[in-house]
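This report refers to the structure that appears directly beneath it.
Computed from the coordinates by the stated procedures, all read-outs in this text should not be read as laboratory data. Keep in mind that what you see is a predicted model, and the values were worked out from it rather than measured. Here the Cβ positions follow ideal geometry from the backbone for every residue, glycine too, while neighbour counts run over all protein chains shown.
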Amino acid sequence: MGSIAIIGAGMAGVTAASALADAGRAVTLFDKSRGYGGRMATRRGDGFALDHGAPGVATRDPAFRSALSGAGGAAHPALGIVGDPGMSSIVKAMANGVPAQMGVEIAAISQASGGLELTDTGGVAHGPFAQVICAVPAPQAVRLAAGIAGVEAALAGVVMAPTWSLLLAFDAPAELPRRADPFAKIIDDGAKPGRANTWVAHASIQWSRAHLEETRETVAERLLATLGPLPAPRYASAHRWRYAFTEAPLGAPFHSALGGRLLFGGDWALGPDAEHAWQSGRAMAAAVLS
Ligand SMILES: Cc1cc2nc3c(=O)[nH]c(=O)nc-3n(C[C@H](O)[C@H](O)[C@H](O)COP(=O)(O)OP(=O)(O)OC[C@H]3O[C@@H](n4cnc5c(N)ncnc54)[C@H](O)[C@@H]3O)c2cc1C
């Protein structure tokens with residue numbers, strides 16, 4: 001049994017990694033970020049923290065609910081399960097100490113003698129690995145697998161939509177409208193456990209697409225202006241999620257290449273939610289173990 005590399009320490013990658021590690025397999029996680037969670041993201045600043053990706057996670061499958069609760073997730077009256085101290089801490093706890101190389105961005109997956117090799121953006125080669133699970137958004141997966149036949153065509157039907165998110169922290173309680181154009185969701189992040197005076201507002205997909213290539217500063221100014229008169233925030237920023245939501249999924253829990261040695265998955269395989277990412281991660285681990 002050779003070792004397995006997993007690219008992406010979001011819900012899908014971490015779910016696959018911990019299932020494989022539990023089954024006794026040698027696993028290494030790689031993520032370009034310094035922290036776990038992917039789009040279940042938590043931004044920490046000077047005296048505040050806020051969840052600028054998924055604000056909470058709705059659960060359909062009781063096994064998913066119990067995985068989240070076991071990782072410190074708590075029920076929230078409006079948002080489903082939320083993390084304490086943040087959404088990213090749920091994913092970090094689910095990783096349960098699986099060996100990880102954080103801050104390593106993989107640029108290419110290639111076939112080498114003895115297995116599959118990962119080359120990072122610094123030109124360093126990792127591996128060879130017997131198997132690789134690539135759990136990054138589909139358009140990014142296609143770029144990593146440019147040298148592997150058939151992947152681009154297989155994932156061509158997957159469509160992912162962007163979201164610009166406005167991140168706000170105030171010195172004192174502030175009240176924002178719960179609905180306002182062009183926002184799809186305005187979230188009182190400060191009402192979560194351990195939080196105070198933080199808000200996150202996600203622009204609609206349509207608005208985000210129209211303003212996708214603008215700078216963070218311009219977008220923050222534009223979005224803030226649409227909220228009407230507010231106390232001056234002590235922190236205001238915008239975050240661009242280029243691949244926030246799945247609009248058209250693959251329609252299967254993962255794509256398998258190279259006779260099952262290389263698997264591609266994530267929420268985009270099945271739908272737009274974190275639960276879809278979890279399902280995809282579980283299915284990829286089961287396929288490796290079968
Ligand atoms: C604004 C927003 C709101 C959302 N709201 C909800 C909600 O209310 N409910 C819900 O269920 N879901 C929501 N989601 C969706 C949910 O966050 C995702 O479905 C889920 O987190 C996807 O997990 P994943 O593991 O498939 O991908 P990701 O979380 O995207 O993880 C992929 C990981 O791969 C890493 N990576 C990418 N490229 C490379 C590379 N080249 N090398 C190394 N690492 C790489 C990334 O850094 C990332 O950590 C929301 C998402 C966003 C952005």
Practice problem: Can you spot the lysines whose alpha carbon is less than 23 Å from LYS32's alpha carbon? Ignore those fewer than 8 places along the same chain. | Solution: LYS92
Self-check item: Amide H within-cut-off set for ALA26, under 5 Å, with H built and near neighbours excluded
Solution: ILE4
Quiz item: Each residue of the stretch 102-111 in turn: what ³J(HN,Hα) in whole Hz from Karplus with 6.51, -1.76, 1.60 and θ = phi - 60°, glycine and Pro shown as x?
Solution: 8, x, 10, 8, 7, 9, 7, 10, 9, 8
Quiz prompt | Summed side-chain charge close to TYR243 - residues other than TYR243 whose Cβ falls under 13 Å, Lys, Arg +1, Asp, Glu -1 | solution = +3
Exercise. Based on the mean of other Cβ atoms within 10 Å per residue, sort peptides 115-121, 199-205 so the most packed one is first.
Key: 199-205, 115-121
Quiz item: What are the residues whose amide H is under 5 Å from the amide H of PHE183, where those residues sit 5 or more places off or on another chain and H is modelled from the backbone?
Solution: SER204
Exercise. Go through the stretch 267-277 residue by residue and turn each phi into a ³J(HN,Hα) via Karplus (6.51, -1.76, 1.60, θ = phi - 60°); whole Hz please, and just put x for glycine and proline.
Key: 3, 4, 5, 10, x, x, 9, 4, 5, 5, 5
Practice problem: For the chain, restrict the atom set to alpha-carbon positions and state the Rg and Dmax in Å. | Solution: 19.2, 63
Quiz prompt | Formal net charge of residues neighbouring ALA19 (Cβ-Cβ distance under 10 Å; K, R +1; D, E -1) | solution = +1
Quiz item: Rounded to the nearest 5, what is the percent of antiparallel bridges among the DSSP beta bridges in the chain?
Solution: 75 percent
Quiz item: What's the exposure ranking of LYS32, LYS92, going from fewest to most Cβ atoms within 10 Å?
Solution: LYS32, LYS92
Quiz item: Once you list every other residue whose beta carbon is under 14 Å from the beta carbon of GLY2, what net charge do they have if Lys and Arg are +1 and Asp and Glu are -1?
Solution: +1
Quiz item: How many angstrom lie between the C-alpha centres of the stretch 63-110 and the stretch 29-46?
Solution: 10 Å
Quiz prompt | Relative contact order for the stretch 161-246, counting Cα pairs under 8 Å that sit 6 or more residues apart, in percent | solution = 48 percent
Practice problem: Quick one: which residues, 5+ away or cross-chain, put their amide H under 5 Å from the amide H of ALA244? H built at 1.01 Å from N. | Solution: ALA161, THR163
Quiz item: Residue by residue through the stretch 69-80, which ³J(HN,Hα) values in whole Hz follow from phi under the Karplus form 6.51 cos²θ - 1.76 cosθ + 1.60 (θ = phi - 60°), with glycine and proline marked x?
Solution: 5, x, 9, x, x, 10, 6, 10, x, 10, 10, x
